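Below: the structure, in structure tokens.
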Amino acid sequence: MDDVLERPSPQQPSSKDHNEEDQSSGDEDGGLDWTKLPGPGTTARPVIPKRGEKDFEPTQEGGSGLQLHVLDRARGAMVEALRAGRSISSKSISYGIWYPSIDRVHVTTARGIHFSTMGHSVARGVSSSDNPGDNEADRPLNHISGSKLPKRLELLPEEAIYLVERGALFCYKPIAQESIPGDSLSPEEISPGSPMSVQQAFAEMIGREGMTLERYQVYAYLKRLGFVLTRADPPTIDYPVAAPPSLPITRSLDQPRTVWHRLAALFSRLDVFKALRFIPCGHLVPLHKSSLSETRSIPSPESVASASSPYKVFFHVYKPSTPFRKTAPPAPDFYVVVVNARTTAMPSLHELTSLFYVLPEMPLPPPRKRGIQASTKKPNNVPTVKSPSSNVLGQASHDSSRTAHPPIQSSSQSAQPQSPTLFQHLTSFIPLFRTTAPKQITTPTFVPNRPNPFLALKTGTKTIVVAAVDSGSISFFRFGEGVFEEWPMA
Amino acid sequence: MSQVQPPSRSKKFSQKFSARRAENNLIYANPLPVIFPSPPPPPPSLLHRLLGISVSHVENPHCEGVLDLSTRSVWVLGMGDAMLLWQRGFFGKGDLSRSEPSWLARQVNARKQAKKGGLTSEEVTAKRRAERKQFKLDRAKAMAAAAAEAEVAFQEQGRVISTTYAPDGTRIIPSAATWKPTRTQEAQTGEPASSPKPEDTDDDEDDDEEEPIQNIEHLQLTLQEAFFLLWNLDCLSVLNPDTDTPLTLSQIWHAFQNAYIPSPTLSPSLNAPHSPRFDNPFLINYIVYHHYRSLGWVVKNGIKFCADYLLYKRGPIFSHAEFAIVVCPVYEDPADQESSPFNLQNASPFSWSWLSTINRVNAQVQKTLILSYVTIPARSRISEDVLSSPACFAHYSVREVVVRRFIPARMRD
């Protein structure tokens with residue numbers, strides 16, 4: 001009798017609904033339609049269905065009979081779906097031992113696909129000359145010496161809790177207090193009995209190794225969506241991190257402008273706009289802070305991002321499609337900072353600047369392909385980690401008039417007769433052609449078909465993702481470094 | 001005055017649209033009130049004009065405005081000047097209109113019969129709002145009827161039927177995209193406009209002898225817009241409201257700053273403020289305004305979207321604003337912030353809930369939120385004597401941060 005509710009209606013996904021869904025928060029905000037989930041007997045992974053029909057308010061007298069019936073059905077379906085026992089095949093269970101003294105879980109038996117992206121190998125073992133608990137990480141791992149330590153797989157607390165929550169890991173805690181982390185004992189020997197429950201796992205591991213509840217929530221949420229997360233600063237030497245992007249050489253404020261832009265500027269009757277640009281702008285302008293010394297203009301990460309500021313990159317996030325190798329992680333797709341929304345305010349300018357300072361510049365996302373024009377408009381897609389100084393966005397004209405002096409120069413230049421000025425521009429530019437050849441040669445071809453400025457303006461050059469956790473609700477914000485001065489409208 | 005056609009979906013739409021666009025391109029061709037000649041002579045530089053070297057073939061309209069301190073604005077009373085300032089750069093706002101000073105046009109329209117459909121922008125908006133209200137009434141009625149029908153079906157037969165789609169697949173409840181106003185609605189909206197008609201039909205022949213409407217509207221420029229025009233382009237002169245004499249640049253510089261310092265009288269105080277400060281709201285807002293104007297954007301007020309400014313690529317006529325700017329002043333020296341008499345908004349980083357609010361509001365209208373950080377120099381580092389002239393702008397700096405939502409579920413590929 002409730003067939004209509006069971007069957008997904010064919011007319012519902014109209015284009016208008018898709019449009020609205022783009023604007024609205026979409027799936028992750030609304031509740032599931034539990035009636036459309038497959039029953040507990042199926043082994044297929046449930047697909048998150050579209051939302052069902054929703055009435056805005058109950059009719060009078062506390063809701064009509066139909067409304068109450070629909071509500072009861074939905075509630076019953078939810079309870080049934082949650083009640084179903086979750087199972088995992090015994091062949092894909094991994095086993096591990098939690099060592100509180102080093103805040104790690106040593107995985108004795110690793111099965112399943114999770115360990116291709118989780119865990120790191122540490123050489124830890126017991127040898128007579130060493131103290132227990134000594135990391136021996138400084139010993140070269142490949143060094144064949146008398147005591148070659150076995151490498152073993154270890155998990156950080158958040159990874160361990162995540163796997164225990166999924167049911168993919170049975171984690172044991174040693175009963176004996178003096179258990180040595182280097183022991184290669186099996187779980188049965190260490191702690192006979194049942195493995196840790198999820199509750200016990202939370203109680204044990206939250207708070208260790210910088211893992212707070214907020215950070216774990218963000219970790220688990222992103223992991224469940226399919227992302228790969230690693231920590232940004234390694235807790236130990238063994239932990240593999242992405243090679244840090246070569247820190248950006250302080251870009252000179254006077255970028256060479258392309259020949260074409262100078263020509264265009266000469267003949268443009270809107271030169272007055274350029275003459276007006278004398279207010280210092282952009283993220284390269286030194287940011288003074290009264291507590292810092294005057295000479296240190298660009299804040300180094302250590303100066304502002306001291307222990308008091310919670311704004312430090314905590315997670316490196318990789319998209320599911322990025323090929324991830326545990327031993328040599330590639331450059332991350334997103335940099336995530338996790339803060340508590342109630343206790344921490346928005347980042348101030350100094351904190352943002354120190355965050356941007358360590359980030360590499362990202363290339364523009366490719367514009368949507370519009371047939372043939374895609375080839376001419378496509379900007380360079382190669383990540384700029386290797387050559388951060390080759391500013392891909394440098395195709396646009398860089399305003400050199402950041403102080404009061406250049407406008408006077410440009411005005412004096414424009415006052416001269418034109419052909420020597422043009423010639424001067426051309427000759428002055430030739431040395432630049434030679435020194436920065438790989439970059440400049442490509443730019444003249446880009447200029448006639450400038451990429452859409454709005455794309456660059458809306459994404460900015462560097463992006464940091466801040467996750468503000470408010471008692472379990474996570475809001476993600478992207479803060480991008482704006483580049484309005486590089487894309488003038490006139 | 002430009003008249004905006006209501007968008008229609010007839011076949012002539014595209015022709016009308018391109019004609020309208022060509023007309024707009026003609027009317028709004030100049031981005032600034034001062035017109036410079038086309039190439040090849042190099043345009044006169046700012047420096048040349050400041051030094052008073054007269055260069056020929058620069059068309060400077062020399063508009064005039066009166067300073068009004070109660071509204072902290074400059075009033076341009078001459079309609080010729082007002083339309084010129086609006087059409088060349090979209091400066092200012094008509095005080096009786098939504099944006100462009102079109103009050104007179106609306107009154108003339110209200111008098112005549114608006115049968116050709118030449119509506120001003122306010123009338124278009126009013127018509128659209130009336131239609132939307134009617135649509136909402138229709139939709140509510142349809143929803144109530146469908147719910148009642150479903151309820152009846154459930155009670156009697158135990159069947160559950162869908163309330164939005166009829167069994168044959170059509171929508172019972174109208175959607176905004178497909179709803180059309182019925183004839184009765186059009187007649188109703190046409191009624192109020194033509195109700196004065198019976199009185200006028202007798203005077204139709206005497207239309208010319210009817211008293212012309214006195215235009216009581218003026219164009220209002222904010223202090224930042226006025227300063228931009230008079231300092232950079234030298235095309236505006238501001239009169240003292242008490243004496244009707246033009247003010248000098250330094251008098252204006254002081255008066256604009258003093259406008260933000262509470263004082264008992266409404267006459268502009270033309271002397272330097274007693275304690276000039278770097279964080280005067282006029283200076284901060286002007287710096288942001290100037291920065292974006294110098295990049296070629298048209299900068300308008302953004303209060304409708306919880307922001308300080310809106311940036312248009314060419315103007316409000318051509319497209320919707322792309323960016324909403326929130327000005328965030330940043331003090332170099334925290335002691336300056338504590339001793340400040342102004343209590344600038346957004347000087348401290350705001351809470352996440354507020355950031356989320358303005359981000360949502362602007363995302364709903366497809367604008368990108370930009371935080372513009374203006375650094376305020378410390379009084380300990382730079383003496384306040386520099387505030388005696390506009391050269392102090394070189395000590396500030398502006399930088400932007402783009403704020404967007406990050407939805408991990410959608411960023412997976």
Review point. Right, residue B:330: within 30 Å of residue B:229 (Cα to Cα) and either in contact with a strand residue (DSSP E or B) (Cβ under 8 Å, 6 or more places away or on another chain) or among the hydrophobic types (A, V, I, L, M, F, W, C) (or both) or not?
Key: yes
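This table checks each residue for (1) within 11 Å of chain A (Cβ to nearest Cβ); (2) in contact with a Leu (Cβ under 7 Å, 6 or more places away or on another chain).
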| position | (1), (2) |
| --- | --- |
| B:329 | yes, yes |
| B:344 | no, no |
| B:349 | yes, no |
| B:365 | yes, no |
| B:382 | yes, no |
| B:409 | yes, yes |
| B:412 | yes, yes |
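Taking into account only those residues within the stretch A:129-173 that are hydrophobic (A, V, I, L, M, F, W, C) and more than 30 Å from residue A:227 (Cβ to Cβ), which is modelled with the highest pLDDT?
We begin by selecting, within the stretch A:129-173, every residue hydrophobic (A, V, I, L, M, F, W, C); these are A:137, A:141, A:144, A:149, A:153, A:155-156, A:160-161, A:163-164, A:168-171.
With the extra rule that they be more than 30 Å from residue A:227 (Cβ to Cβ), the set shrinks to A:144, A:149.
Values: A:144: 40, A:149: 77.
Here the residue is A:149.
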Practice item. Give the stretch A:215-241 a look and list any residue that's surrounded by 20 or more Cβ atoms within 10 Å (Cβ to Cβ) and either within 14 Å of chain B (Cβ to nearest Cβ) or of a type in the set (Gly, Ala, Ser) (or both), or say none. Key: A:218, A:219, A:222, A:223, A:227, A:228, A:229
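Among the residues of the stretch B:376-390, how many are open to solvent by 10 Å² or more (accessible area, probe 1.4 Å) and under 26 Å from residue B:346 (Cβ atoms)? Explain how you work it out, then say what you get.
Applying the first criterion (open to solvent by 10 Å² or more (accessible area, probe 1.4 Å)) to the stretch B:376-390 yields B:379-386, B:388-390.
Of the ones still in play, those that are also under 26 Å from residue B:346 (Cβ atoms) are B:379-382, B:384, B:386, B:390.
Adding up the residues that qualify gives 7.
Would you please name the residue that is nearest to residue A:223 (Cα to Cα), looking only at residues in the stretch A:88-110 that are without any contact (Cβ under 8 Å) to a residue 24 or more places away in the chain and of a type outside the set (Val, Ile, Thr)?
Per the criteria, the residue is A:89.
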**Study point:** Among (1) within 7 Å of another protein chain (Cβ to nearest Cβ); (2) closer than 25 Å to residue B:282 by Cα, the one test that residue B:405 misses
**Key:** (2)
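Sort through B:303, B:252, B:261 and tell me the only one that's closer than 18 Å to residue B:322 by Cα, among the aliphatic types (A, V, I, L, M) and more than 14 Å from chain A (Cβ to nearest Cβ).
B:303
Starting from residues that are more than 7 Å from chain B (Cβ to nearest Cβ) and on the phi < 0 side of the Ramachandran plot, keep the ones in the stretch A:471-484 and report whichever is farthest from the chain's Cα centre (by Cα). So that I can check it myself, show each step before the final result.
Taking the stretch A:471-484 as the starting set, the residues that turn out to be more than 7 Å from chain B (Cβ to nearest Cβ) are A:471-474, A:483.
Narrowing the set further to residues that are on the phi < 0 side of the Ramachandran plot leaves A:473-474, A:483.
On the way: A:473: 18, A:474: 14, A:483: 21 Å.
Filtering the stretch A:471-484 for residues that are more than 7 Å from chain B (Cβ to nearest Cβ) and on the phi < 0 side of the Ramachandran plot, the one farthest from the chain's Cα centre (by Cα) comes out as A:483.
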Check your understanding: Are any of the residues in the stretch A:70-78 surrounded by 19 or more Cβ atoms within 10 Å (Cβ to Cβ) and assigned by the TED database to the domain that holds residue A:159?
Key -> no
Revision key, fill the gap. Matching residues in the stretch B:264-295 (touching a residue at least 40 places away in the same chain (Cβ under 8 Å) and within 14 Å of another protein chain (Cβ to nearest Cβ)) number 11
Exercise for review: Take the residues in the stretch A:307-330 that are among the aromatic types (Phe, Trp, Tyr) and farther than 22 Å from residue A:352 by Cβ, then tell me which one is modelled with the highest pLDDT.
Suggested key: A:318
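Being at pLDDT 75 or above, open to solvent by 40 Å² or more (accessible area, probe 1.4 Å) and within 22 Å of residue A:64 (Cβ to Cβ) narrows it down to one of B:139, B:132, B:128, so name that one. Show your work before the answer.
Numbers: B:132 fails: within 22 Å of residue A:64 (Cβ to Cβ); B:128 fails: within 22 Å of residue A:64 (Cβ to Cβ).
Step by step, each of B:139, B:132, B:128 is checked, and only B:139 is at pLDDT 75 or above, open to solvent by 40 Å² or more (accessible area, probe 1.4 Å) and within 22 Å of residue A:64 (Cβ to Cβ).
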Review point. Is there any pair with a first residue in the stretch A:220-232 that is closer than 14 Å to residue A:119 by Cα and a second that is part of a strand (DSSP E or B) whose Cβ atoms are under 6 Å apart and which are 6 or more apart or on different chains, and what are they?
Key: A:228/A:318; A:229/A:315; A:229/A:317; A:230/A:316
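Is there a residue in the stretch A:290-306 that is surrounded by fewer than 21 Cβ atoms within 10 Å (Cβ to Cβ), within 7 Å of another protein chain (Cβ to nearest Cβ), modelled with pLDDT of 55 or more and touching a Leu at 6+ places or on another chain (Cβ under 9 Å)? Break it down stepwise before answering.
Of the residues in the stretch A:290-306, the ones surrounded by fewer than 21 Cβ atoms within 10 Å (Cβ to Cβ) are A:290-303, A:306.
Filter again for within 7 Å of another protein chain (Cβ to nearest Cβ), leaving A:290.
Now drop any that are not modelled with pLDDT of 55 or more, which leaves A:290.
Filter once more, so that each one left must be touching a Leu at 6+ places or on another chain (Cβ under 9 Å): none.
Within the stretch A:290-306, not a single residue is surrounded by fewer than 21 Cβ atoms within 10 Å (Cβ to Cβ), within 7 Å of another protein chain (Cβ to nearest Cβ), modelled with pLDDT of 55 or more and touching a Leu at 6+ places or on another chain (Cβ under 9 Å).
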**Study point:** Candidate set from the stretch A:338-354 (those that are in a loop (DSSP other than H, G, I, E, B) and more than 7 Å from chain B (Cβ to nearest Cβ)); member that is nearest to the chain's Cα centre (by Cα)
**Key:** A:344
Practice item. Given the conditions (1) more than 8 Å from chain A (Cβ to nearest Cβ); (2) in contact with a helix residue (DSSP H, G or I) (Cβ under 8 Å, 6 or more places away or on another chain), report the number of the one that residue B:377 does not fulfil. Key: (1)
Check your understanding: For the stretch B:354-394, what are the residues that are within 21 Å of residue B:344 (Cβ to Cβ) and among the β-branched types (Val, Ile, Thr)?
Key -> B:357, B:358, B:370, B:374, B:375, B:376, B:382, B:386
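In the stretch B:317-330, is there at least one residue being more than 24 Å from residue B:71 (Cβ to Cβ), free of Cβ contacts under 8 Å to residues at least 40 places away in the same chain, open to solvent by less than 60 Å² (accessible area, probe 1.4 Å) and under 21 Å from the mean Cα position of the chain (by Cα)?
The first filter runs over the stretch B:317-330 and keeps only residues more than 24 Å from residue B:71 (Cβ to Cβ), leaving B:317-320, B:322-323, B:328, B:330.
Next, only the ones that are free of Cβ contacts under 8 Å to residues at least 40 places away in the same chain stay: B:319.
Remaining after also requiring open to solvent by less than 60 Å² (accessible area, probe 1.4 Å): B:319.
Next cut, under 21 Å from the mean Cα position of the chain (by Cα) only: B:319.
For the stretch B:317-330, residues more than 24 Å from residue B:71 (Cβ to Cβ), free of Cβ contacts under 8 Å to residues at least 40 places away in the same chain, open to solvent by less than 60 Å² (accessible area, probe 1.4 Å) and under 21 Å from the mean Cα position of the chain (by Cα): present.
The values are calculated or read from the model by the stated rules, or taken from the named source; none is laboratory data. Here the structure is a predicted model, which is why all the values come from computation and not from measurement. Glycine also receives a Cβ, built like all others from the backbone with ideal geometry; neighbour counts cover every protein chain displayed. We work out accessible area using only protein heavy atoms, side chains counted, and drop any ligands, DNA or RNA first. Shrake-Rupley method; radii C 1.70, N 1.55, O 1.52, S 1.80 Å.
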